[in-house]
Amino acid sequence: MLPLSRLITLCSFLLAPLMIVACASAPPSALRSNVRQLLSLQKSRLDVAATVARSKWNSGAPIDDPARERIILDEVARQARGMGLDEQWSRRFFQDQFDAGKVVQRDLHRQWRQEQRPPFANPPDLGLEVRPVLDRLTPEILTAMTPLQGRQCDPSVMRALQELTPEILGDAYSPPVQSKAIDALRCD
């Protein structure tokens, strides 16, 4: 029979890896809170799409702006790298946000063409009114992504995403917009 002190040492040695894993994993409630925060920030970003659509409606500018997207994605990758986030995942996530926003813009432009909508009075200035909002949201979104990186397949993340997406995005955005917005968060 082992002395009690030796038994405690042995148990500690055997349980230490399990305790490290348990402590390193965020509890399900924390991950749910992280998903809620990220989706709320995504909604704030998507809410800007209608403003962008009005500006582009008036100016006749195309909805797609690949050169601008590349500049933003390069900056996202730089910021992500500095935060220890996977650059490719961050780029993909933000590309999904661009694509979701473009779905909103295209839907609005289609509706306005059908209505034969005249230009808006006092169109928003993208450089002065929109980009500062998006520039503020980008690091906030990256920060909210951090605890979810590599955890897309965690059952609590998958469940939170399934339950919270319609709650947070559902009233304002169609299923295709919601789906596109969360693509990079899904378990592959």
Go through the residues of the stretch 123-136 one by one and say whether even a single one is buried (at least 17 other Cβ atoms within 10 Å of the Cβ), under 14 Å from GLN97 (Cα atoms) and within 14 Å of the chain's Cα centre (by Cα).
-> yes
Out of (1) more than 21 Å from ALA53 (Cα to Cα); (2) of a type in the set (Lys, Arg); (3) without any contact (Cβ under 8 Å) to a residue 60 or more places away in the chain, the odd one out for ARG92 is which?
-> (3)
Which one of these is closer than 24 Å to ARG32 by Cα, touching a Phe, Trp or Tyr at 6+ places or on another chain (Cβ under 7 Å) and touching a residue at least 60 places away in the same chain (Cβ under 8 Å): GLN149, GLN97?
-> GLN149
Condition met for ALA144 (small (Gly, Ala, Ser), surrounded by 14 or more Cβ atoms within 10 Å (Cβ to Cβ) and in contact with an Asp or Glu (Cβ under 9 Å, 6 or more places away or on another chain)) = no
Can you name the residue in the stretch 54-100 that is more than 16 Å from LEU134 (Cα to Cα) and of a type in the set (Phe, Trp, Tyr) and is also most open to solvent (accessible area, probe 1.4 Å) among such residues?
-> TRP57
Expected output for the stretch 36-61 (first residue farther than 18 Å from ALA100 by Cβ, partner open to solvent by 50 Å² or more (accessible area, probe 1.4 Å) and at pLDDT 95 or above, Cβ below 6 Å, 6+ apart or cross-chain) is ASN58/PRO119
Within the stretch 131-151, count every residue that is under 30 Å from CYS187 (Cβ atoms) and either part of a loop (DSSP other than H, G, I, E, B) or aliphatic (A, V, I, L, M) (or both).
-> 10
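The values are calculated or read from the model by the stated rules, or taken from the named source; none is laboratory data. This is a predicted model, so every value here is computed, not measured. FYI the Cβ positions are ideal-geometry reconstructions off the backbone, even for glycines, and counts take in every protein chain you see. Note: areas computed on protein heavy atoms with side chains; ligands, DNA, RNA excluded. Shrake-Rupley method; radii C 1.70, N 1.55, O 1.52, S 1.80 Å.
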